[in-house]
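Values quoted throughout were computed directly from the atomic coordinates according to the rules given, and no laboratory measurement underlies them. This structure is a prediction, so every number in the text was calculated from the model and none was measured. Glycine also receives a Cβ, built like all others from the backbone with ideal geometry; neighbour counts cover every protein chain displayed.
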Amino acid sequence: MTKWSTKSLSGWGRYPVIQAQCARPSDRDETISIVQDAPSPLISHGMGRSYGDAALLEDGKVILTRNLNHMLAFDEANGLLTCEAGVTLEEIINTFLPRGFFPPVVPGTQFVTIGGAIGCNIHGKNHHHDGCFGDHVTKMELLLANGDVVTVSPTEHKELFWATIGGMGLTGVILNATIKLTPVKSGEIDVETIRVENLDHFFEVSAESADFTHVVSWIDTVATGKNMGRGVFMRGRYSNSTATSESGGVDRLASAIGKLANGKSFNSNLLLNRFTVRAFNEAYFRKEKKGCVKSMTNYKPFFFPLDAVANWNYIYGPRGFLQYQFVVPSRDAVREALKLVSSSKEASFLSVIKEFGDKDHGGLSFPQKGITLAMDFPNTGKPLFKLFEKLDQLVLEAGGRIYLGKDARLPSKHVAAMYSDLDTWKDTRKKYDPNGLFASDLARRLDLL
Ligand SMILES: Cc1cc2nc3c(=O)[nH]c(=O)nc-3n(C[C@H](O)[C@H](O)[C@H](O)COP(=O)(O)OP(=O)(O)OC[C@H]3O[C@@H](n4cnc5c(N)ncnc54)[C@H](O)[C@@H]3O)c2cc1C
């Protein structure tokens, strides 16, 4: 008999926080029984690293999937791993890096499950080179609303497969998936770090970096005038060297945040305001040497710098924080967005910018060709939401979209314009779940069901 208990639950941004009925099924059979016996709506919840309400459901039930944590099969010749959906990227790396394999796409943290990686169709620093996580999934077992388990792949139940890639958990529970891992010589990355002086310089360096498999740039979103868009650009490739870097596990940004957080939760978000963020950014930018600095860096500080700081999401105080991540096809729209942000009273403490390649999977998948900018803001309530409304308008007019995996407040009226084949996705979802058994607070807020 499954045990349900009421828990306080949130995404990584700690906004919103809800009370939810949660259960942690011990295995596949118990997960299937939960769905077969379900009297009320359900949503899957992996590591809860989506920022907003994608894995939350206030008056329904939340299935915590972390016990579905078994590796099921590995075809070493082809790098094909089949594992349960609650397995994390960290577990995959720890098991398979010593055998010469790495996950094909990783986000900025290794603490995400395979179910979450597929549910949000995550992108990494290599989107321009390797596409999204979904591009490397060859099949999945999906538990449907009627309790049946089906195998879906790019050739079997194709439309359901693609509706589930980036489907935000709304097509069923992914029980397991087969993923093509990337062969690597080591866990070291050959990195070039370049201080970029403004947005035009960023675009120049980005264009020159197409041959690098992984690129991303920290950006100072408070800087104005000739400094607008300045930042620190990183590009890299898996190293062929068998040597080990000395960088340990903490990068410069993480260590600065670690000092700031000092393991404590702030009682208010007053510490992170326009003035303190400006000072932090200035110091961080100035410390970077001019020109291009080459190094060999371990995969942890390169891919997952903030994982070195436990609970860094608590530095934003009790009201939590919101990330605004958008993608737009036009450079001018990025410039306008930076003007809006830098002239507002809000301050994004951590911001990254990168150019996506042309992989766009439609449905609810976020990446499309263009420039993506992600900004973390302390939750100041109304003033922040007003800024986000202006940014929404700009993103819409530029033909862009915002990332649902990071969202906690987009109004439903904007979704169809941002996700142009939403109706096709909705039809597929309805075909397999006509009564809306799978639901989330995000799905209700955005009228996705
Ligand atoms: C520090 C940090 C950096 C990040 N960087 C990036 C980045 O660079 N790129 C990027 O794309 N994302 C990034 N993210 C977001 C994160 O990768 C995604 O939100 C990911 O989905 C989180 O996985 P999770 O296991 O925590 O899933 P959850 O947050 O628990 O769930 C996310 C979605 O997946 C669904 N889901 C989870 N498990 C299943 C399942 N078994 N079956 C069906 N649906 C399921 C949920 O219902 C929900 O809709 C970052 C997050 C953090 C905290």
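Aspartates and glutamates within cross-link reach of residue 406: Cα-Cα under 15 Å, excluding same-chain residues under 8 positions apart?
In chain and number order, the partners are 53, 376, 392, 441.
Grab the DSSP H runs of the chain that are 4 residues or longer, score each as -39,500 (n - 2.57), total them, divide by all residues and round the 222 nm result to the nearest 500 deg cm²/dmol.
Only helices count here, giving -7500 deg cm²/dmol.
Sticking with the crude label model, points 7 Å out along Cα→Cβ, report the distance from residue 252 to residue 185 in nm, one decimal please.
2.7
So if I take the centroid of the Cα atoms in the stretch 357-427 and the same for the stretch 4-69, what is the distance between those two points in Å?
Cα centres, the stretch 357-427 to the stretch 4-69: 24 Å.
Starting from the Cα-Cα distance between residue 330 and residue 4, subtract it from 0.36 nm times their residue separation and give me the gain in nm to one decimal.
112.6 nm
Stretch residue 343-residue 155 to full length: gain in nm at 0.36 nm per residue minus the Cα-Cα span?
Fully extending the segment from residue 343 to residue 155 adds 62.7 nm.
Straight-line reach from residue 294: which aspartates and glutamates have Cα under 19 Å away, leaving out those fewer than 8 places along the same chain?
In chain and number order, the partners are 188, 190, 192, 197, 204, 208, 211, 246, 251.
Considering only DSSP beta bridges with both partners in the chain, what is the antiparallel share in %, to the nearest 5?
90
For the stretch 391-440, what is the convex hull volume of the alpha-carbon atoms per residue, in Å³?
88
Explain nothing, just the number: relative contact order of the stretch 188-408, from Cα pairs under 8 Å at least 6 residues apart, as a whole percent.
Here the relative contact order equals 24 percent.
Label points 7 Å out from Cα along the Cβ direction at residue 241 and residue 435: separation in nm?
Distance between the two pseudo-spin positions: 6.1 nm.
Add +1 for every Lys or Arg and -1 for every Asp or Glu among the other residues with Cβ under 15 Å from the Cβ of residue 434, and state the total.
The answer is +1.
Say the cut-off is 25 Å between C-alpha atoms; which of 139/430; 226/354; 125/287; 158/369; 287/369 go over it?
287/369
Of the residues 115, 357, 131, which exhibits the maximal mean-square fluctuation in a Gaussian network model of the chain defined by a 10 Å Cα contact cut-off?
In this elastic network of the chain, the residue with the biggest mean-square fluctuation among 115, 357, 131 is 357.
Which one, 70, 127, 45, has the greatest fluctuation when you compute a Gaussian network model over the chain with C-alpha springs under 10 angstrom?
Highest fluctuation among the options: 70.
Among residues other than residue 131 whose Cβ falls under 10 Å from its Cβ, what is the net charge (Lys/Arg +1, Asp/Glu -1)?
-3
Can you return the lysines within cross-link range of residue 386? Criterion is Cα-Cα under 17 Å, with same-chain partners fewer than 8 residues away left out.
The reachable lysines, counting only those whose Cα sits under 17 Å from residue 386, are 339, 345, 413.
Relative contact order of the chain: what whole-number percent is it, with Cα pairs under 8 angstrom and at least 6 residues apart?
Relative contact order of the chain: 18 percent.
In Å³ and rounded to a whole number, note down the convex hull volume per residue for the Cα atoms of the stretch 297-363.
168
If you wrap a convex hull around the C-alpha atoms of the stretch 363-449 and split its volume per residue, what is the figure in Å³?
101
Relative to the longest principal Cα axis of the chain, at what angle does helix 274-287 sit, 0 to 90 degrees, rounded to 10?
That helix lies at roughly 70 degrees to the long axis.
Relative to the longest principal Cα axis of the chain, at what angle does helix 199-208 sit, 0 to 90 degrees, rounded to 10?
That helix lies at roughly 70 degrees to the long axis.
Can you give the relative contact order of the stretch 296-434 as a percent, counting alpha carbon pairs under 8 Å and 6+ residues apart?
30
Provide, in order from the shortest bin, the percent of all Cα-Cα pairs of the chain in each 20 Å bin, continuing until the bin that contains the maximum pair distance.
Bins of 20 Å from zero give 26, 60, 14, 0 percent of pairs.
Could you work out how far helix 331-342 tilts from the main Cα principal axis of the chain, as a 0 to 90 degree angle to the nearest 10?
The two axes meet at around 80 degrees.
Check which residues have an amide H placed less than 5 Å from residue 58's amide H, if you skip close sequence neighbours.
Amide H to amide H, under 5 Å and 5 or more residues apart or across chains, residue 58 pairs with 441.
If r is the Cβ-Cβ distance from residue 420 to residue 70 and R0 is 30 Å, what FRET efficiency results, to the nearest 0.05?
0.20
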